[in-house]
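**Student:** So that we are looking at the same thing, I have put the structure below in structure tokens.
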Amino acid sequence: MSEKNAYEIAVEQYDNAVRHMNLAPEIVEMLRQPKRELTVHFPVKMDDGSVRMFTGYRVQHSLAPGPGKGGIRYHPNVTLDEVKALAMWMCWKCAVVDLPYGGAKGGVICDPKRMSQAELERLTRRFTAEIACIIGPMTDVPAPDVNTNPQTMSWMMDTYSMLSGTQALAVVTGKPIEVGGSLGRVEATGRGVTITALEALKVKGVDPQGATAVVQGYGNVGAISAYLLQDAGLKIIAVSDSSGAIYNPSGLDARRVMHFKQHTGSVVGYPGAEPITGEQLLALPCDLLVPAALEQAVHQGNADTIQAKVIAEGANGPLTPEADEILERKGVLVVPDILANAGGVTVSYFEWVQDLQIYYWTEAEVNARLRLHVARSFQEILAISQEKGVSLRIAAYIKAIARVARAIELRGLCP
Ligand code: NAD
């Protein structure tokens, strides 16, 4: 595992990309840190009548390209540095797929697994009120992240609407369909992973028909990527979750594995597959590896064991910078997270557009527009990577940073 915290990694990645660019020093400095960090301490009445204090954050990395955009995370380990890193990554992710947003992120230090629904609702409503001064449909638009979901977004939207005296559907995305959500949002991240993975396989000259794929993590991103890859002709030979991994060299039925996990809680025990360890799964010979679980899953200690030709980062930050170097030397083509998993925020953007217009699209329209954004961005980033002789990750950063830097230049300094 890397010794660095998420923010140090984010800044290091930024510095690595900036080295290949010709940016004005003041813009380099401006984008190296967040524009705004808000810390709030607030009380919540618990079910037993006691009142507990909680701490939460909202960080906006840049607002030059447009409103802030990024999720809200509930977790005991949330820190300001983590939220700052995630806000910076959101800024690049939005710019990579040409969305008119700056990056933002939020979080509350809490353990939602030990809280009732009523406590979570009161926490969400009070946190929304505390950060209402910096969020809004044209200011900063939150979305779900770890341990928050469409219900959390409904409470946020309702609280903000009550405070502002408007129907502020566009203040958050990732909402249920009945209160302004978008069709296609649930599958969007996995769909983006699939589109970029197929493009990357093409670059490597691998025919998707019968190519092999391994997926680490079988949640929203992993399971949906697995069945969409299978629909595209790939053979899913191994998948894992936090309880373990399963392997079948003849191929697993990705949808059946998903239903099995929905019923039993894990992929482990799926009939017709052999149990293996998580480390064995990462080391399997395959055409495509999709790490879709945790940060830093591939690190200095195990990067050398990877045999995949292509890695599409479904999760955020699944490769440490050290692993990245090792894999580049081995000739593995890595589709970086800010491109591979940008499908989710792209459809969040579509949700926001639909809410602002109060006019809703069909799922086919959403999916077609998603393909357009993600496939076009992949080609642009591939071209930068070939022209400058850099990895897709550096190329994606170059594209993203250049776009945000240009927005800053065009807007100029105020006053
Ligand atoms: P999720 O909670 O639905 O799924 C996570 C999966 O990872 C679960 O199946 C869990 O069992 C598994 N897992 C946990 N630890 C593991 C381990 N050590 N080995 C193997 N599997 C393990 O979460 P998700 O929404 O699918 O998100 C996964 C990753 O993708 C996160 O990094 C998230 O930030 C990122 N991401 C998600 C979205 C989205 O739209 N959901 C968008 C962009 C990025």
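**Student:** Residue farthest toward the positive end of the dipole of the stretch 21-101, with Cβ of Lys/Arg at +1 and Asp/Glu at -1: which of V59, P43, L31?
**Tutor:** Going by the Cα projections, it comes out as P43.
**Student:** Right, something else. What nm distance separates the two modelled labels at V179 and R256, each placed 7 Å from Cα along Cα→Cβ?
**Tutor:** 3.9 nm
**Student:** On to the next question. Quick one: P(r) of the chain from all Cα-Cα pairs, 10 Å bins, percents rounded to integers, in order of increasing distance.
**Tutor:** Calculated over all Cα pairs of the chain, the distribution is 5, 23, 32, 27, 12, 2, 0 percent.
**Student:** Given the stretch 1-88, what whole percent of its Cα pairs are spread farther than 19 Å?
**Tutor:** I get 51 percent for the Cα pairs in the stretch 1-88 exceeding 19 Å.
**Student:** I need the P(r) histogram for the stretch 180-328: all alpha carbon pairs, bin width 5 Å from 0 out to the longest distance, whole percents.
**Tutor:** Cα pair-distance distribution for the stretch 180-328, in percent: 2, 11, 21, 25, 21, 14, 5, 2, 0, 0.
**Student:** Quick check: pseudo-label points 7 Å beyond the Cα along Cα→Cβ at A132 and H299, how many nm apart are they?
**Tutor:** Those two pseudo-labels are separated by 4.3 nm.
**Student:** Relative contact order (percent) for the stretch 335-415, with alpha-carbon contacts under 8 angstrom and 6 or more residues of separation?
**Tutor:** Values: 33 pairs, mean separation 26.4, N = 81.
Over the stretch 335-415, the number comes to 33 percent.
**Student:** Over the stretch 140-248, give the accessible area per residue in Å² for a 1.4 Å probe, as an integer.
**Tutor:** Per residue, the stretch 140-248 has 34 Å² of solvent-accessible surface.
**Student:** Just S243, S391, S348 to compare: in a GNM of the chain, with alpha carbon springs under 10 Å, which one fluctuates most?
**Tutor:** S243
**Student:** Note down the nm distance, to one decimal, between modelled labels 7 Å out along Cα→Cβ at S242 and at R376.
**Tutor:** Distance between the two pseudo-spin positions: 3.9 nm.
**Student:** Further, regarding this structure: Treating only the Cβ atoms of Lys and Arg (+1) and Asp and Glu (-1) as charged, compute the dipole magnitude of the stretch 287-415 about its Cα centre; round to the nearest 20 debye.
**Tutor:** Approximately 440 debye in magnitude.
**Student:** I've got another one for you. Please report the relative contact order for the stretch 168-237, taking Cα pairs under 8 Å with a sequence separation of at least 6, and give it as a percent rounded to a whole number. It would help to have the intermediate numbers written out before the result.
**Tutor:** Details: 66 pairs, mean separation 21.5, N = 70.
With pairs under 8 Å counted, the relative contact order is 31 percent.
**Student:** State, to one decimal in nm², a quarter of the convex hull surface area for the C-alpha atoms of the stretch 250-311, i.e. the direction-averaged projected area.
**Tutor:** Spelled out: convex hull of the Cα atoms, projected over all directions, averaged, 4.8 nm².
**Student:** With springs only between Cα atoms under 10 Å, which of G317, G49, G272 fluctuates most in a Gaussian network model of the chain?
**Tutor:** Highest fluctuation among the options: G49.
**Student:** Compute the distance from the alpha-carbon center of the stretch 331-399 to that of the stretch 123-152, in whole Å.
**Tutor:** With the stretch 331-399 and the stretch 123-152 each reduced to a Cα centre, they are spaced 24 Å.
**Student:** Report relative contact order for the chain in percent, whole number only (criteria: Cα-Cα under 8 Å, sequence separation at least 6).
**Tutor:** Relative contact order for the chain comes out at 17 percent.
**Student:** So, with +1 on the Cβ of K and R and -1 on the Cβ of D and E, and no other charges, what is the size of the charge dipole of the chain about its Cα centre, to the nearest 20 debye?
**Tutor:** 560 debye
**Student:** Something else: Which value at 222 nm does the chain reach when only helices count, each DSSP H run of 4 or more adding -39,500 (n - 2.57), with the total divided by all residues and rounded to the nearest 500 deg cm²/dmol?
**Tutor:** -14500 deg cm²/dmol
**Student:** Another question, if that's okay. Among Q216, L201, T159, whose Cα sits farthest toward the positive end of the charge dipole of the stretch 146-223 (+1 at Cβ of Lys/Arg, -1 at Cβ of Asp/Glu, about the Cα centre)?
**Tutor:** Farthest towards the positive end: L201.
The values are calculated or read from the model by the stated rules, or taken from the named source; none is laboratory data. Worth saying up front: this structure is predicted, and the values here are computed from it rather than measured. Backbone-built Cβ (ideal geometry, glycine too); neighbour counts: all protein chains shown. Surface accessibility is based on the protein's heavy atoms, side chains included, excluding ligands, DNA and RNA. Shrake-Rupley method; radii C 1.70, N 1.55, O 1.52, S 1.80 Å.
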